[in-house]
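Before any comments, here is the structure.
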Amino acid sequence: MQPPFLRATARAFANIALAKYWGKADISLNIPAVPSVSVTLGALSTTTTVSFHDGLGCNEVTINDAPAQGRSYSRVSDLIDRVRDAAGVSTFARVVSTNNFPTASGLASSASGFAALCLAAVKASRLDWDLARISALARSCSASAARSLYGGFVRLDAGVEGCSELSATQIAPASHWPLHVVIAIVSGKPKKLASTDGMNLTAATSAYYDAWVRLCPSIADAVEQAIRDRAFDVLGELTERSAMSMHALAMASTPPILYFEPATIGVLHAVWAMRSQGLQAYATMDAGPNVKVLTTAQDSTKVAQILGHVAGVQGVIDSPLGQDACTFDDAADVSHEELK
Ligand code: DP6
């Protein structure tokens, strides 16, 4: 039997950029100034249900069992209104979103969140859009979210000012190369400065920003080639170079942006020590203190065990690579209701 209202549930996985996006070519259209390449993380996902109801007087948004407020409410509600306009749906929506990782872990991901939201909203409103168009929609909310529509290895190109059609593309599925990412959680606190604000401050004040924009295409292209060649050490060195360049550039902003905590540095030294002992491990950090360590299926258990003993590390997650975002019917193994 058909439900009495339009409804869909979608699941998307978080991702971690190996070649980082940091900086916008167009702030209002949310177009990246640099290309980025990521891997999708199979252990971290968001499941979101969007249902349009006759009885609602406004959009209602629940994230991890709590009503969304302020900026997190308006970013979701604005997206729902754009989809309602595109689909000609007059009723408001109820949005219920759940992460499969602890809210307090500091891993809350706008990437998996907006990817699942956009997919669920488009499907619920019965728009006949392909994944690329949904990826472009997610990119307009949060650029890293464009990449979470796809599994495995994913690229998002730089865009140009004024041109809103930019979506991510899959370089290779997860089966191409079964890498792992071990996440060392060093803080569960919310970000000191949201990525959007951090990158805009950097672009406006960091002396290294122009050099960064010039550097990124060569790193992204080399990362993509290393993935195609399955060249682990080349990929790892590029990953660390991209992350350290991004953080150096952010630190040189006024006022300075420093996302690292003391334990972040401890984990970096542990990763470098592991490498000197023959383990395959390279580190990267986003706009926060947690460290994501790129490693192989063979070494991930050992890497996770060592990182778990570094001072200040509160927990580790060993993640294989994840799949494409999917709607609920395709996600036979995970249901949103079960997660609640
Ligand atoms: C450091 O995608 O969160 O994680 O587009 O402003 O929402 P907005 O930014 P967001 O920035 C991600 C920055 C990063 C690097 C990356 O994921 O490429």
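Remarks
- Only residues that are in a strand (DSSP E or B) and either in contact with a Cys (Cβ under 7 Å, 6 or more places away or on another chain) or in contact (Cβ under 8 Å) with a residue 24 or more places away in the chain (or both) were counted in the stretch 62-98, giving 9.
- Candidates L193, L249, filtered to the one that is within 14 Å of the ligand (Cβ to nearest atom), closer than 30 Å to I31 by Cβ and surrounded by fewer than 22 Cβ atoms within 10 Å (Cβ to Cβ): L193
- Residues in the stretch 141-169 that are within 9 Å of the ligand (Cβ to nearest atom) and not basic (K, R): C141, S142, A143, S144, A145, A146, L156.
- For the stretch 5-32, the set of residues classified as more than 12 Å from the ligand (Cβ to nearest atom) and closer than 16 Å to P320 by Cα consists of A12, F13, listed by residue number.
- Extreme residue, nearest to the ligand (Cβ to nearest atom), among residues of the stretch 33-48 that are within 30 Å of I317 (Cα to Cα) and surrounded by fewer than 24 Cβ atoms within 10 Å (Cβ to Cβ): P35
- The single condition among (1) assigned to a loop (DSSP other than H, G, I, E, B); (2) closer than 18 Å to F114 by Cα that V34 does not meet is (2).
Coordinate-derived values only; no laboratory data. Keep in mind that what you see is a predicted model, and the values were worked out from it rather than measured. Counting neighbours? That spans all protein chains shown, and the Cβs are built from the backbone with ideal geometry, glycine included.
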